[in-house]
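Asks: I have a structure I would like to understand better, so I am pasting it below and will then ask my questions one at a time.
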Amino acid sequence: MDMHLSRRALLTGTAGLALGASALALRPGTARAQGSLPLTIANRTGQFDNSSIWVYIVGNDGERQVWVTPDGELRPVSLDDNGPDGFTDYAIPLAASGDTTIPLPYLSGRIYVSLGEKLKFAAVQDGNGDPALAYPAGWVATDPNYPVLHDCAEFTYRPDGMYCNTTMVDMFSVPLSIRLTGASDQTTGTLREGARAAVFSELAAHETFGPLVDGDRRVLAPGHGLDAGLFPAGYFDGYVDRVWSEYAARDLLITTNAGQFTGRVTGDQLVFSGPGEVTISRPSTRDVLFCDGALAAPNDGITGPVAAVLAAALNRTTAVSHAEQPVTDPAAFYQEEPAHHYARVLHQATEDGRAYGFAFDDVGGFASYIEDGAPTAMTLTLTPF
């Protein structure tokens, strides 16, 4: 069972600004990708024509924060890129008709799409004094991009392959799918017909999750909703208490690539023995939703995978009912209250049942993530609303 964590904070490597909760990590491929990759942007929204859609490819090349031109040139972010309004214009317009193809160079980053209006990326100095970008934060009402309909996909493209996903970790807005061809032909992220409207309506009707729905623009992930005062700060606290009580009396077994870990609660800590010693303090609701804080997962092969599996069990409410983790049967997920209904409805909305509803949704292989060690083409499709 592959317990490598495919979502890591590599995007913040030299950027470090406003990247939100989500980021992509790498799993080395066995073959080598060949130079720039043809990236096709396909508009299938049915509601927006090409002239009202813009694409932004931003990220870092391992040394600096960069952006990609329409011709596929990699350029460093510069404070001089800001215009009189204080924002850069890194927008790539779509072709007048049909699909748009951009040569994608090696970098780790995001592909943003905005519909109806351009996004505002400000070039600023990071904590080290280096040029960086303030990325859109659609979950913050005061962000200049809050009124704009937009979304993004994440990727890392390097000589040993392409690693990419559609993400809903911060919010869900524009339905996107990715097709990656090369050693194989893979697609992920495709929503069922009418699923976007179904996601909005089902969550809007829920007493607790309803405030996360921002009209027809987006649904905020509950962690960001919590920070904005729209979601209860103690939502998972009672469930965490049940988990801590349960495993004070019996063992919790977590299996990762490193082997099996045996955990018992001692006071406020869940202590694991096995291939290594791992201690996890009692997490807050915010820790659970962001898979951070007490559930932070370093890329160390020991603590990280254990924390990720526990975070997934808490988000999926399988931690009490299943003393052996990870659970790999999705029929067991979200069956107890308080359930993570945001993640639940996103998974039921996709054709393949895979989504990134929280940061460690890749545990057990349930994330909308694909990779190829010898990619030949990638297509990002804005699918029907």
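Asks: Match the structure shown to one of the listed values (i) 20.5, 65; (ii) 22.7, 70; (iii) 21.1, 80 of Rg and Dmax of the Cα atoms in Å, computed from it, and give that label.
Replies: It is the one labelled (i).
Asks: Can you give the FRET efficiency to the nearest 0.05 for V320 and N128, using r as the Cβ-Cβ distance and R₀ = 41 Å?
Replies: Numbers: r = 44 Å, r/R0 = 1.08.
It comes out at approximately 0.40.
Asks: Could you state the accessible area per residue of region 51-142 in Å², with a 1.4 Å probe and every protein chain left in place?
Replies: 43 Å²
Asks: Now a separate question. I want to check the label-to-label distance for T279 and A91. Put each point 7 Å from Cα in the C-beta direction and report it in nm to one decimal.
Replies: In this crude label model, T279 to A91 measures out at 5.3 nm.
Asks: Under a crude label model (7 Å from the Cα following the beta-carbon direction), how far is E246 from D352 in nanometres?
Replies: Between E246 and D352, the simple spin-label model gives 3.0 nm.
Asks: Per 0.36 nm of contour for each residue apart, how much would the distance between N257 and A233 grow if the chain were fully extended, relative to their Cα-Cα spacing?
Replies: Difference between extended and current length: 5.3 nm.
Asks: OK, next. Computed FRET efficiency, Cβ-Cβ of Q47 and N82, R0 30 Å: what is it to the nearest 0.05?
Replies: 0.45
Asks: Here's something else I'd like to know. Zone of T142 (label point 7 Å along Cα→Cβ, backbone N under 19 Å): which residues in region 206-239?
Replies: Hits in region 206-239 for T142 at 19 Å: 224-231.
Asks: Can you give the calculated 222 nm mean residue ellipticity of the chain, where each DSSP H run of n ≥ 4 adds -39,500 (n - 2.57) and the sum is split over every residue, rounded to the nearest 500 deg cm²/dmol?
Replies: Mean residue ellipticity at 222 nm (helix-derived): -4500 deg cm²/dmol.
Asks: Now a separate question. When the C-alpha atoms of region 74-217 are aligned to their principal axes, what extent does each axis show, in angstrom, from largest down?
Replies: 46, 44, 35
Asks: A further question follows. In whole Å, largest first, what are the principal axis extents of the Cα atoms in region 174-283?
Replies: Cα spread of region 174-283 along its principal axes, largest to smallest: 46, 46, 20 Å.
Asks: Additional query: Could you work out what % of the accessible surface of the chain is carbon and sulfur, using a 1.4 angstrom probe and leaving DNA, RNA and ligands out of the count?
Replies: Roughly 49 percent, rounded to a whole number.
Asks: Calculate the FRET efficiency for A197 and A332 from the Cβ-Cβ distance with a Förster distance of 41 Å, rounded to the nearest 0.05.
Replies: For A197 and A332, the calculated efficiency is 0.90.
Asks: Moving to a separate point now. Given the Cα-Cα distance of H206 and Q269 and 0.36 nm per residue of separation, how much length would full extension add, in nm?
Replies: Going from the current span to full extension adds 19.4 nm.
Asks: Output wanted: per-residue J couplings in Hz (rounded whole) for region 295-300, from phi through Karplus 6.51 cos²θ - 1.76 cosθ + 1.60, θ = phi - 60°, x for Gly and Pro.
Replies: 9, 4, 10, x, 7, 10
Asks: Against the globular-protein guess of 2.2 N^0.38 Å, express the Cα radius of gyration of region 113-197 as a ratio, rounded to two decimals.
Replies: 1.33
Asks: Roughly how compact is region 29-132, stated as its Cα Rg over 2.2 N^0.38 Å to two decimals?
Replies: In units of the 2.2 N^0.38 Å rule of thumb, it is 1.16.
Asks: Just the Cα atoms of region 264-385, one point each, no solvent: what log10 I(q)/I(0) does Debye give at q = 0.16, 0.20 Å⁻¹?
Replies: Taken in order of the listed q values, log10 I(q)/I(0) reads -0.82, -1.16.
Asks: Quick one: accessible area per residue over region 246-385, 1.4 Å probe, rounded to a whole number of Å²?
Replies: Per residue, region 246-385 has 34 Å² of solvent-accessible surface.
Asks: Then there is this: Report the label-to-label distance for D185 and T40 in nanometres (one decimal), using points 7 Å from each Cα along the Cα→Cβ vector.
Replies: Going by the 7 Å Cα→Cβ label model, 1.1 nm.
Asks: Determine ³J(HN,Hα), in whole Hz, for all residues of region 322-336 in sequence, where each value follows from phi through the Karplus function 6.51 cos²θ - 1.76 cosθ + 1.60 and θ = phi - 60°; x replaces Gly and Pro.
Replies: Computed from phi, the couplings for region 322-336 are 10, 7, 10, 10, x, 7, 10, 9, x, 5, 8, 7, 6, 8, 10 Hz.
The values are calculated or read from the model by the stated rules, or taken from the named source; none is laboratory data. Keep in mind that what you see is a predicted model, and the values were worked out from it rather than measured. A quick note on method: Cβ atoms are made from the backbone with ideal geometry, for glycine too, and the neighbour counts reach across all protein chains shown. Note: areas computed on protein heavy atoms with side chains; ligands, DNA, RNA excluded. Shrake-Rupley method; radii C 1.70, N 1.55, O 1.52, S 1.80 Å.
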